[in-house]
1. Which distance in nm do the two modelled labels at B:Lys71 and B:Leu444 give, with both placed 7 Å along the Cα-to-Cβ direction?
2. So which aspartates and glutamates pass the test for B:Lys65, namely a Cα distance under 18 Å, with those fewer than 8 places away in the same chain ruled out?
3. Within 12 Å, Cβ to Cβ, of B:Glu45, how many net charges do the neighbouring residues add up to if Lys/Arg are +1 and Asp/Glu are -1?
4. Would you mind counting up the charge near B:Ala224? Only other residues with Cβ under 11 Å from its Cβ, with Lys and Arg at +1 and Asp and Glu at -1.
5. Using only helices, what value at 222 nm comes out for chain B when you add -39,500 (n - 2.57) per DSSP H run of length 4 or more and divide by the total residues, to the nearest 500 deg cm²/dmol?
6. Quickly estimate the mean residue ellipticity at 222 nm for chain A, helices only: each DSSP H run with n ≥ 4 gives -39500 (n - 2.57), and the total goes over all residues, rounded to 500.
7. B:Tyr268 versus B:Met222, label points 7 Å from Cα toward the beta carbon: distance in nm?
8. Along the charge dipole of the protein assembly as shown, Cβ charges K/R +1 and D/E -1, which of B:Tyr437, B:Cys92, B:Tyr7 sits furthest on the positive end?
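The values are calculated or read from the model by the stated rules, or taken from the named source; none is laboratory data. Bear in mind that the values here come from a model prediction, so they are computed numbers and not experimental data. Ideal geometry is used to build each Cβ from the backbone, glycine not excepted, and the neighbour counts take in all protein chains shown. SASA here: full protein model, heavy atoms, side chains in, ligands and nucleic acids out. Shrake-Rupley method; radii C 1.70, N 1.55, O 1.52, S 1.80 Å.
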Amino acid sequence: MKNFTIPQNVAVSDSGFLFLASTGETFNLNEQGTLIYKMLQNGLNNEEIVNQITAEYEISSDLFQKDLDDFLHSLKTFGLVKEL
Amino acid sequence: MENKKRYERPVVIKQYSGFMNKFGSRPVLNPVTTIDGIEVDELAERFGSPLFVISEKAIRSNQRKANRIFKTRYPKVQFAWSYKTNYLNAVCAVFHQEGSWAEVVSRFEYDKAKKLGVKGENIIFNGPDKSRDDLTVAINDGAKIHIDHFDELYELIDLTSQLNKKANVAIRVNMDTGTYPKWDRFGFNFENGEAWQALKRIIAATNLNLVGLHTHIGTYMMQADSYKTAAIKMAQLAAGLKRENGILLDYIDMGGGLPSNNTLIGQYLPAEQILPTLEEFADAISEGLMTLNFQPDEMPLLILESGRALIDDTSKLISTVIAVKRLSDGRRALIVDAGVNLLFTRFWYKHKINPAQDSGVMTEDTAIYGPLCMNIDCLAESLVMPVLKKGDKLIIDYVGAYNMTQWMQFIHMRPNVVMILEDGTVELIRKAEDLDYVQMPEVLPEKFKSLPV
Ligand SMILES: Cc1ncc(COP(=O)(O)O)c(C=O)c1O
């Protein structure tokens, strides 16, 4: 089971605007992205995220896992998440 | 299970400060969810994906508009449908119902037109490759034979005397209209006097009936002035024939070449913003022909063989996302089920591609690839698209010209083609190919019929 950490100095607005204070970079998240990023901030692990999203949204867990991996990969590239 | 929320793939995009963000801040691409009032999803469900969808209403409306524009500028106008542009029977039939003749460039196309019921006298037979047998059939049918070279001219002189029949002929003229590259491969050249020479040879031949002049100055012409130049040169030839030989031509055929609203590769602004209007092309042609100064009843019929301008925007290709990938540079890539095998015009055009379903406001820089497992199979290198997922559909627009004739049976077989009729019914006008159809002409030698693997 994967766990993640989020840098301390990240601010996310409800509209999906993300500010990384350490570098001054800004990012945009879509609605789903915002929701998941907030889950990561709240310390949810991979499995918990998959369970919550698939319970609420019209998507199977297999398909969602693929998108989540892809999303996490992008977040890692941007320094917005670290895998433990 | 019930009433779950609509899901969109999660996306994060970096904002670049200092200039407007390319992604996220643009207006969302308009989804195309219906075609002529029919749901895209319903079409794909009934007929599969990929699927070509042609609108009868749009064809008729394009042809009527073109008729109106030309007929209000020149007294006698006749369109001839360019078969090579799209020779599906249903498409040709709509044009013929609208009064268009047939313009063909091979025996195959010629036979197609005849089989559809077009009268021989209403078939224009163009092209550099007409066999003796082809010419015999055309002479017997009274078709209009447009001579491309001296070998064909002498073959016709010989053939008509052997058959003891007259042939209705015109010559194809090529000329400098100020555009590059010059199209001097087809027909007889105006500037170097070759066209005159050919006309004189025809007049001297007892069995050749000189009925017209033909030119086709290029395709996707972007300057109306080129047509004016061409029409003036054609008028000079026609005036010379009257003056020196007392010959009044039945017609001057200005060919095709008017652009469609597709945007060329390498063209920065969308086609709609930079191309002359149909009215401007019609003005140029009629102004050029009016230099003839003939009596009204002596003016030749103006024939037009416009292809892409009349059919491109009547057809759409529905395609489905097979996979969503990320390229090594971080760009999004879609693999879709229609590739360059179906979209030959991709080699000239940046096709307009829209999503076929509502999507969120987030957009991504997206590359779109076809299904071919070949590097050439790229439909778009970089497009701003909404966040799409497997199973979503795209509408590739303006695909009516030169695709349903130049498509390749390569790796995949050709899919269904439907036409939405004026009353809203959807007719299958070309069935998807199957293995039996594709293999029908193949012959497997006996000794290969049992294989050890
Ligand atoms: C002789 C002739 N007429 C008409 C056409 C139709 O051209 P377009 O589709 O550019 O109007 C062509 C196309 O190449 C042609 O060769």
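1. 5.7
2. List returned: B:Glu56, B:Glu98, B:Glu272, B:Glu279, B:Glu280, B:Asp283, B:Glu305, B:Asp312, B:Asp313, B:Glu422.
3. Working: positive: B:Arg46, B:Lys393; negative: B:Glu39, B:Asp41, B:Glu42.
Result for the neighbourhood of B:Glu45: -1.
4. In short, -4.
5. Values: 13 runs with 130 residues, N = 453.
Rounded to the nearest 500, the figure is -8500 deg cm²/dmol.
6. Result for chain A: -14500 deg cm²/dmol, rounded to the nearest 500.
7. 1.2
8. Most positive-ward Cα: B:Cys92.
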